[in-house]
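The values are calculated or read from the model by the stated rules, or taken from the named source; none is laboratory data. These figures come from a predicted structure and were not determined experimentally. Every residue, glycine as well, gets a Cβ built from its backbone with ideal geometry; the counts of neighbours run over all protein chains shown. We work out accessible area using only protein heavy atoms, side chains counted, and drop any ligands, DNA or RNA first. Shrake-Rupley method; radii C 1.70, N 1.55, O 1.52, S 1.80 Å.
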Amino acid sequence: MDVEYKGKDTIIHNLKDFDLGQTMECGQCFHFQKIDDDEYGMSAYGKFLHAAQKDDKLYLFDTTKEEFEKIWCHYFDLDRDYGEIKSFLLKEDEKLREAVEKMWGVRILNQEFFETLISFIISQNKQIPHIKQIVARISHDYGKYQGSVGGIDFYGFPTPQQLSQADIDALRECKTGFRAPYIYNAVEFVNNEIIKEENLRKCGVDECREQLMKIKGVGMKVANCVSLFGLGYREAFPVDVWIKRIMQSLYFDGKEHSNAEIESYGVEHFGKYGGYAQQYLFYYGKSEKIGLKNKTN
DNA sequence: TTCCAGGCCCGGG
DNA sequence: CCCGGGCATGGA
């Protein structure tokens with residue numbers, strides 16, 4: 001990977017194991033819009049980014065060297081060697097190969113803790129396009145305007161302080177439905193420092209999940225997603241309906257197993273890179289509709 | 001119209 | 001521990 005700073009743009013050359021479209025669309029993140037093929041607008045860490053990929057070059061428009069080094073390099077997980085991750089996962093596991101090869105360019109984004117927490121509380125019983133709508137609405141109503149591309153305005157996800165301006169009714173106005181009190185509860189936990197990001201990052205994934213699950217509306221799955229996507233715990237293995245179907249199909253001979261059984265299998269089998277395996281499997285299984293009764297594609 | 005979505009809470013076996 | 005019902009909202 002070589003970085004070039006050209007005019008107002010940052011261009012990354014010789015990218016390996018990176019595909020912008022796959023990384024944005026694989027279901028880990030909800031605060032972005034597709035502008036065109038391989039071209040996206042997104043928001044993270046208080047900044048708006050207009051990015052596009054052509055072959056092994058990634059263009060970050062209007063991005064300074066400082067911003068790339070401080071934010072986007074880490075955000076896209078570019079400082080990590082995915083070749084090593086893939087060979088670790090594929091060693092002694094041929095069942096994962098097809099998923100990794102098809103979804104070869106997925107990177108696990110390092111997202112902000114608070115946004116990830118609220119986003120995955122919203123995600124329960126919702127489809128990804130709906131989640132994106134709600135995240136955009138909350139950002140529009142409570143966050144700060146950041147920029148615009150392709151006629152779409154981008155607003156930063158509100159800070160815990162900004163979102164504390166919203167009461168439960170106001171959160172319902174954002175179409176969060178029965179999740180409104182959950183979000184309210186989570187904002188209180190953060191603002192009152194009942195949970196602290198710094199501590200969650202240090203305490204280990206088990207303790208981390210336990211603390212997150214004290215928030216009403218946060219169960220095992222959401223806690224695992226927040227640990228993986230928002231707190232850097234790459235060993236976390238979230239089990240949702242898709243992972244359940246895919247794992248049963250690939251590793252359990254199609255037989256029914258509980259979420260807890262599937263998670264402990266994933267944790268044991270994939271170890272420190274469980275989160276990567278999970279994301280390859282999730283995206284692959286969902287796009288191929290693996291384990292679904294009527295495959296309509 | 002009916003069904004279901006990157007689940008979770010709650011009550012009852 | 002392991003069910004099942006209920007839950008807001010919107011798209012298929």
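Taking every residue in the stretch A:73-91 that is closer than 20 Å to A:Gly274 by Cβ and pairing it with any residue that is of a type in the set (Ser, Thr, Tyr) and open to solvent by less than 70 Å² (accessible area, probe 1.4 Å), at least 6 positions away or on another chain, the pairs with Cβ-Cβ distances below 6 Å are A:Ile85/A:Tyr273; A:Ile85/A:Tyr276; A:Phe88/A:Tyr273; A:Leu89/A:Tyr273. All of (1) among the hydrophobic types (A, V, I, L, M, F, W, C); (2) surrounded by 17 or more Cβ atoms within 10 Å (Cβ to Cβ); (3) under 30 Å from A:Asp38 (Cβ atoms) hold for A:Ile152 with one exception: (2). A:Gln161 meets the conditions (1) away from DNA strand B (no atom under 14 Å from the Cβ); (2) open to solvent by less than 60 Å² (accessible area, probe 1.4 Å) in every case but one. The failed one is (2). Going residue by residue through the stretch A:164-176, is there one that turns out to be away from DNA strand C (no atom under 15 Å from the Cβ) and part of a helix (DSSP H, G or I)? No, the stretch A:164-176 has no match at all. Mind listing just one residue for me: the one in the stretch A:188-199 that is among the β-branched types (Val, Ile, Thr) and open to solvent by 10 Å² or more (accessible area, probe 1.4 Å) and, of those, farthest from the chain's Cα centre (by Cα)? Across the stretch A:188-199, the extreme among qualifying residues is A:Ile194. Residue count for the stretch A:1-24 satisfying the condition of being within 16 Å of DNA strand B (Cβ to nearest atom) and in contact with a helix residue (DSSP H, G or I) (Cβ under 8 Å, 6 or more places away or on another chain): 1. Output the residues belonging to the stretch A:45-79 that are closer than 17 Å to A:Lys16 by Cα, assigned to a loop (DSSP other than H, G, I, E, B) and open to solvent by 90 Å² or more (accessible area, probe 1.4 Å). The answer is A:Asp55, A:Asp79.
When A:Ser258, A:Ser227 are checked against the criterion of being within 16 Å of DNA strand C (Cβ to nearest atom) and of a type in the set (Ser, Thr, Tyr), a single residue qualifies: A:Ser258.
When the stretch A:12-38 is filtered for residues that are buried (at least 19 other Cβ atoms within 10 Å of the Cβ) and assigned to a strand (DSSP E or B), the ones remaining, listed by number, are A:Ile12, A:Phe32. Consider the stretch A:1-11 and keep the residues that are touching a residue at least 60 places away in the same chain (Cβ under 8 Å) and open to solvent by 30 Å² or more (accessible area, probe 1.4 Å). The one that is farthest from A:Val222 (Cα to Cα) is A:Tyr5.
Applying the condition of being surrounded by fewer than 22 Cβ atoms within 10 Å (Cβ to Cβ) and in a helix (DSSP H, G or I) to the stretch A:122-134 and asking which residue is farthest from DNA strand B (Cβ to nearest atom) yields A:Gln133. Criterion first (away from DNA strand C (no atom under 16 Å from the Cβ), more than 16 Å from A:Ser164 (Cα to Cα), of a type outside the set (Ser, Thr, Tyr) and in a helix (DSSP H, G or I)) does A:Ala99 satisfy it? Yes. Restricted to the stretch A:200-236, and to residues there that are more than 9 Å from DNA strand B (Cβ to nearest atom), free of Cβ contacts under 8 Å to residues at least 60 places away in the same chain and not in a helix (DSSP H, G or I), the residue that is surrounded by the fewest Cβ atoms within 10 Å (Cβ to Cβ) is A:Gly204.
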